[in-house]
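Structure first, then comments.
The values are calculated or read from the model by the stated rules, or taken from the named source; none is laboratory data. Everything numeric in this text was worked out from a predicted model, so none of it was measured. Here the Cβ positions follow ideal geometry from the backbone for every residue, glycine too, while neighbour counts run over all protein chains shown. Note: accessible area is taken over every heavy atom of the protein model, side chains too, but ligands, DNA and RNA are not part of it. Shrake-Rupley method; radii C 1.70, N 1.55, O 1.52, S 1.80 Å.
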Amino acid sequence: MKYLIFILFSVNLIASEAMSNGNGVGNGGDAVVCNDKTVLLDLLEADIALVKEVDPYTIAAMKFALLKESASTMHKQYQKVLSNIKKRTVFIKGANFRDIKDSFEISLPKGCEIKQIAIQQDDEFGKRKIHISLDLWHKMNQYSQAGLLVHEIIYEHFSFLGEINSLKVRALTKFLFSKKIQLMDSKKIKKELKKYNLALY
C-alpha cells in the first residue's frame, strides 16, 4: 500500500496531472520582506548549513540528498521532480499574488511583512504550474531560492497526503537546511522524519 501511495504521488507530480487532494487552501510559498532583505519564511529563523554552491537548483538537490539513506524512495522521487521543475515554473515580473492563508505564522520581525512569492495552479490543460514572483526571487539569496524549490516539491507531496496547511512543510524544509541534520546519521534522520507521519521506505 505504501508503494502504491508513492507511485500515485510520483505520477501526479512528474506527469503534472491535476491533483484532487481536497486541499481547499491551495499551494504556495511565502517570503518575508524586511526593507532591503527578503527571506523565505521557512528559513527566517533557521540556522542554515552554508555551502560554497551558488546555484539554487544544485543546493536543493544537495538537501534532498540528505534523505538518501533514511528515506531512499522519497529521496529518489523528490530528485526526479526537481529535475523537471524548470519546465513547470513560470516566473512573473511585477507579480502581485493573492495571499494564500496557509502559513499560520505566529509573528514576524518588526517592520517586516509576508509576501506571497509562489502559487501552484493548474493551467487550462490541467498541467500543474508553479508561478513565482520574479522580483521577489531576485531579492532572495541562493539559500532562500533553493528553499522555495524544496518547499514547493514537499508541499505537493504533503498536500497529496491530505495536509491542508504549510506548517509541516515549513518545518521539514527548515530541517533539511539546518546544521542539525548535518550532524545526524541516517537512523536519527529517519526518526526525525517519522514525526511528519510519512511512510518511509
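Observations
- Asn84 meets the stated requirement of being of a type outside the set (Ser, Thr, Tyr) and closer than 19 Å to Ile132 by Cα.
- Those residues of the stretch 160-190 which are within 13 Å of Leu41 (Cα to Cα) and hydroxyl-bearing (Ser, Thr, Tyr), in sequence order: Ser166, Thr173
- Residue match in the stretch 127-140 (condition: basic (Lys, Arg), closer than 28 Å to Glu53 by Cβ and at pLDDT 95 or above): yes
- Check on Lys194, basic (Lys, Arg), touching a Ser or Thr at 6+ places or on another chain (Cβ under 9 Å) and open to solvent by 10 Å² or more (accessible area, probe 1.4 Å): no
- If you go through the stretch 16-41 and pick out every residue that is at pLDDT 90 or above and farther than 20 Å from Phe160 by Cα, you end up with 9.
- Complete set of residues in the stretch 35-81 that are assigned to a helix (DSSP H, G or I) and within 12 Å of Leu176 (Cβ to Cβ): Asp42, Leu43, Ile59, Ala60, Ala61, Met62, Lys63, Phe64, Ala65, Met74, His75, Tyr78
- Conditions (1) modelled with pLDDT under 85; (2) of a type outside the set (Lys, Arg); (3) surrounded by 12 or more Cβ atoms within 10 Å (Cβ to Cβ): number failed by Ile106: (3)
- Single residue of the stretch 49-82 satisfying the filter (hydroxyl-bearing (Ser, Thr, Tyr) and more than 14 Å from the chain's Cα centre (by Cα)) that is least open to solvent (accessible area, probe 1.4 Å): Ser70
- Positions within the stretch 112-147 being hydrophobic (A, V, I, L, M, F, W, C) and either crowded, with 18+ Cβ neighbours inside 10 Å or in a strand (DSSP E or B) (or both), in sequence order: Cys112, Ile114, Ile117, Ala118, Ile119, Ile130, Ile132, Leu136, Trp137, Met140, Ala146
- Lys93 vs. criteria at pLDDT 95 or above, charged (D, E, K, R) and in contact with an Asp or Glu (Cβ under 7 Å, 6 or more places away or on another chain): yes
- The set of residues in the stretch 162-186 being over 15 Å from the mean Cα position of the chain (by Cα) and not in a helix (DSSP H, G or I) consists of Gly162, Leu183, Met184, Asp185.
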